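A quick write-up on the structure given underneath.
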Protein chains: 2
Amino acid sequence: MVSVLSSLSSSAIEQALQRLKFDGVLRSKFEVVLDFLDYSPALMPSVGRGAMAPKPGSVGYVVNLGNKFRAGRAVLAPAQPGTAEDPLMDDILETFYGFAPAELPRAVQSHRLAMVAENLSGELLERYIAQELEPLGWVWCSGSSVRAVDFIKHTPDGRTEWHALQVKSRNNTENSSSSAIRKGTDISKWWRFHAKKGRTNWDSFPVEAAGTLSEEGFRAYVRAAGEKFASKSRSEVSL
Amino acid sequence: MVSVLSSLSSSAIEQALQRLKFDGVLRSKFEVVLDFLDYSPALMPSVGRGAMAPKPGSVGYVVNLGNKFRAGRAVLAPAQPGTAEDPLMDDILETFYGFAPAELPRAVQSHRLAMVAENLSGELLERYIAQELEPLGWVWCSGSSVRAVDFIKHTPDGRTEWHALQVKSRNNTENSSSSAIRKGTDISKWWRFHAKKGRTNWDSFPVEAAGTLSEEGFRAYVRAAGEKFASKSRSEVSL
């Protein structure tokens, strides 16, 4: 497979990086992402839609990718449901599952918020792990800047060139396809919660050095993030 | 592609059909499914798991497929959540979404029931449509007896050999792969509910003759099915 990024001259990459105006730390992390994509070009995500999406490897592509990478690290705001309510759900919950009609609005709203909360839990999981892994030399591929991979570390030792890590909230969510990962990349996959057994999996976290990661730590991190968000919302409301 | 079923002798198919003990109507419908799979063997589903799954085309395969086909038409019992509760959801709903701690148990339960209710809505949709289409000569591929296709009709007219129909509850659910469908099959795809716009789509139902299908009819069908189930549950409880 031909690397698309390596067809970019270093001056073109430099041009993209200058347009991104990253600070030094973020820039060096993003450069690791670019190196990894140069090694495994099949993992380059698409950035932008349709005919307007810049071609992989172009200056515009690197700029868009860098913006995704940065945006993925911005302060997390919980999403609101983006889909319309289907009144059929009321019929099913009432007649099959015995909900009282008066309960239905809150039940349906709870469900819709829980759906977006589940997405949020995946975001929070990556952030919590990133806090621990980045000081150990890993780079968080924030903003889905790499397909099917969440963390990478350059580890040239003759046998492998890169370590990659994919983390999932639950063992039963679909695996992102990682068949495109190039030989010479040692990929580990990990999930936090076993959907049927109800147990968490921190004991098996594949990066040994990240020994302080724990379920208690993660839940404390989530509550702190939520409370920070809530207090900010309140102060914004009170303006 | 070599048809696997056509490697079955008609006496082997007869043997499988006798073991299934279908009544005449169900048998003739299932024979249409077998004919379609013989035409498009790439759409044969797997039946059973792992090393114990019978080989496509074997007598055991046809028996298992027939049992799926029949079970898919049995009286519908609403599923209960099959996964464990993740306490992290409580943290997120409380801190990010402002739920009061006392509300959390019911909110989480509502969400879990709504998840299985959404699966049920897809089942109910197929059944409602089947009521209308089967009298028109279509066969409902009940029990996921055909991959990526829900209804079929044999329509040899020189140009096409079969009509096939895939129905979905929502426009944004993933499309089953139908790339395996053989040329000579005219496949239509339809969805009921537009997730963003919130409108239903019965006006565009692709089988013109099925003109009485409507959102009102579907919702009445769902409520009647739910009430029938609830009254049966009550009478069972009172025994």
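Counting every alpha-carbon pair across the protein assembly as shown, the share separated by more than 29 Å comes to 62%. Take the accessible area of B alone and of A alone, subtract that of the pair with a 1.4 Å probe, and the total buried over both chains is about 4400 Å². For chain B, which DSSP H helices look membrane-span-like by this rule: Cα extent along the axis of 24 Å or more and mean Kyte-Doolittle of at least -1.0? Length and hydropathy pass: B:104-133, B:215-238. With both residues required to sit in the protein assembly as shown, DSSP beta bridges show an antiparallel share near 45%.
Taking every residue in B:75-83 and counting other chain Cβ atoms within 10 Å of its Cβ, the average works out to 2. To the nearest 0.05, what FRET efficiency results for A:Arg182 and A:Lys55 with a Förster distance of 22 Å applied to their C-beta separation? Given R0 = 22 Å and the Cβ-Cβ separation, E is 0.60. Legend: mean number of C-beta atoms from other chains within 10 angstrom of residue C-beta atoms, peptide B:223-229, equals 4.
Distance from the Cα centre of region B:108-153 to that of region A:37-70, in angstrom? With region B:108-153 and region A:37-70 each reduced to a Cα centre, they are spaced 40 Å. Shielding by partners for peptide B:108-121, expressed as the average number of C-beta atoms from other protein chains within 10 Å of each residue's C-beta, is 6.
The heavy atoms of A:Arg182 offer some 120 square angstrom of accessible surface to a 1.4 angstrom probe. Heavy-atom accessible area, probed at 1.4 angstrom with all protein chains present, ranks B:Tyr61, B:Tyr39 as B:Tyr39, B:Tyr61, highest first. Projecting label points 7 angstrom from Cα along Cα→Cβ for B:Gln15 and A:Thr83 puts them 4.6 nm apart. Among residues other than A:Asp23 with Cβ under 14 Å from its Cβ, the summed charge is +4 (Lys and Arg +1, Asp and Glu -1).
Here the accessible area of chain B is 52 percent carbon and sulfur, with a 1.4 angstrom probe and all protein chains present. Average accessible surface for the protein assembly as shown: 51 Å² per residue, computed with a 1.4 Å probe over protein heavy atoms with every protein chain in place. In nanometres and ascending order, the distances from the A:Asn119 label point to those of the other copies are 2.3 (point 7 Å from Cα along Cα→Cβ).
For B:Lys228, the solvent-accessible surface computed with a 1.4 Å probe is close to 140 Å², ligands and nucleic acids excluded. When all alpha carbon pairs of region B:1-98 are counted in 10 Å bins from zero, the resulting P(r) reads 14, 35, 21, 11, 11, 8, 1 %. Across the identical copies, the 7 Å label point of A:Thr83, projected outward along Cα→Cβ, sits 1.4 nm from its counterparts, in ascending order. What fraction of the DSSP beta bridges in chain A is antiparallel, stated in percent and rounded to the nearest 5? Bridges in chain A that DSSP calls antiparallel: roughly 45 percent.
By the Stokes-Einstein formula, at 0.692 mPa s and 37 °C, chain B with its Kirkwood radius over alpha-carbon pairs has D equal to 161 µm²/s. Across identical copies of the chain, A:Ala51 has label-point separations of 5.6 nm, listed in ascending order, with the point defined 7 angstrom from Cα along Cα→Cβ.
The values are calculated or read from the model by the stated rules, or taken from the named source; none is laboratory data. Keep in mind that this is a model prediction, so the values were computed, not measured. Positions of Cβ are generated from backbone atoms using ideal geometry, with glycine treated the same way; all protein chains shown enter the neighbour counts. When the accessible area is computed, the model is the full protein with side chains, heavy atoms only, and any ligands, DNA or RNA have been set aside. Shrake-Rupley method; radii C 1.70, N 1.55, O 1.52, S 1.80 Å.
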